[in-house]
1. Is it the case that region 323-343 has a residue that's within 16 Å of the ligand (Cβ to nearest atom) and part of a loop (DSSP other than H, G, I, E, B)?
2. Condition first: in contact (Cβ under 8 Å) with a residue 24 or more places away in the chain and within 14 Å of the ligand (Cβ to nearest atom). Now tell me which residues in region 7-19 satisfy that.
3. Confirm whether Thr218 is crowded, with 21+ Cβ neighbours inside 10 Å, more than 16 Å from the ligand (Cβ to nearest atom) and either more than 21 Å from Tyr104 (Cα to Cα) or polar (S, T, N, Q) (or both).
4. Considering only region 203-227, how many residues are touching a residue at least 60 places away in the same chain (Cβ under 8 Å) and assigned to a helix (DSSP H, G or I)?
5. Taking region 67-84 as the region of interest, how many residues are of a type in the set (Ser, Thr, Tyr) and within 12 Å of the ligand (Cβ to nearest atom)?
6. Any idea which of Arg147, Arg113, Arg118, Arg160 is of a type in the set (Lys, Arg), within 14 Å of the ligand (Cβ to nearest atom) and under 27 Å from Phe231 (Cβ atoms)?
7. Suppose the filter is modelled with pLDDT of 95 or more, more than 34 Å from the chain's Cα centre (by Cα), surrounded by 19 or more Cβ atoms within 10 Å (Cβ to Cβ) and farther than 28 Å from Asp28 by Cβ; does Val324 pass it?
8. Looking at Asp205, is it under 21 Å from Ala276 (Cα atoms) and modelled with pLDDT under 95?
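The values are calculated or read from the model by the stated rules, or taken from the named source; none is laboratory data. Please read all numbers here as calculations on a predicted model, not as lab measurements. A quick note on method: Cβ atoms are made from the backbone with ideal geometry, for glycine too, and the neighbour counts reach across all protein chains shown.
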Amino acid sequence: MTFRAPKGTNDILPPESDWWREAHRVWDALCEQFGYGLVLTPIFEDTEVFARGVGGDTEVVEKQMYTFDDKAGRSLTLRPEQTASVVRAQIQAGGVGSRFKCAYWGPMFRYERPQKGRYRQFYQAGVEYLGSASPEADVEVIELGYRFLERLGVENVELRLNSIGDPADRAAYREVIRAFLNERRDALSEDSVRRIDANPMRVLDSKADAEVVADAPTPVDHLGVEAQTHFDAVRAGLDAIGIPSVLDPRLVRGLDYYNRTVFEYVPLGYDAAQSAAGGGGRYDGLFEVLGGKPTPGVGLAMGLDRIELASAQRGRTSQLDAYVASIDESRRTDARALVSRLRSSGLKVETADQHRSVKAQFKDADRLGARFVVVIGDEFDDGMATVRSLADGEQRSVALENLSEWITSQ
Ligand code: AMP
């Protein structure tokens, strides 16, 4: 009997996973530079955290949650996203004193129809900037996502930006869009008709009804003074740091707790075009929905699986500094000792698992893309090793005590 990974999930193995490791490094470095601390939360939560925090009439909650009862009969759900978890954790920890900036990375779970770039277990890297209502917080978060894609070599990224206003603006807008949709009821899909009463704004991003809503009134044309001022400041802030954006009046995003700014990064060259590599927005109402004190927040989530598909650096394996080869069986212990020393000095080093012919070891080194092969023979007793460059075949004798500096300087 053999097994396969469950439908909609992937095994990510070397060498493909080299990209994931690199992406993780880039993400960590970026978050540290921008001042976002690491947050780890459980992979499952009380179902209500997501039912409330994501919103009852969203597709995620209606159709896509992995919900189960544990042995004590509690209803738990594998996280479909992490913002609700982070906010729950922050409320549990006593709320956000002043501003609080944090970052996460990990698997998320949604029962989706699997296709390229859409999985049931997928990976997100995200940040939350809590406790600030300033448009500068929006700009910073949007910049961070943009730089992430830039550093991973994702080219031709379109940043789409919109504002869905404050709750009061949306209440007024809802009447306008409802009237528009009711006039066209017969032309709309079943899902959209159902949303006319519950959440009519969501019809704007319905793929099935794109034509019907092409000239529908949009929320960005119905902003109150405060939301408009905020949005203008976000756009000006992005302009000032040279990040181009386009206004997308129909961008509303599926999750209920967003207000004001919403955004998405779309890599235009990516073959499953139009699907976002990441996105986010402001969610000033979320803390109260989860039982906390009113606290503004803005965040984003980047979809790693899609970024990998769109990344020019995909498949690039990291280079090995040196391969340590032994001239015969009796030199294995010396070889192992040297490997250990070189690794401690920070170099990327590999060796065989037991003595093999020198020819076989060179072949192995070549396959692994080593820059140098260090051959351990009798000169080891005099503190020397023979080092051969695999790039040009040049060979020289190097003192062991200088070996790691010598390799680093090459
Ligand atoms: P969301 O949490 O829905 O705002 O999604 C943020 C990002 O996560 C999206 O832009 C995608 O890149 C990624 N994403 C969401 N759902 C999936 C999925 N089922 N499979 C792969 N990536 C996803």
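1. no
2. Within region 7-19, Lys7, Gly8, Thr9, Asn10 meet the criteria.
3. When the stated conditions are applied, Thr218 passes them.
4. Counting residues in region 203-227 that are touching a residue at least 60 places away in the same chain (Cβ under 8 Å) and assigned to a helix (DSSP H, G or I) gives 2.
5. Going through region 67-84 one residue at a time, the tally reaches 1.
6. Going through Arg147, Arg113, Arg118, Arg160 in turn, the sole match is Arg160.
7. Yes: the conditions hold for Val324.
8. Answer is yes for this residue.
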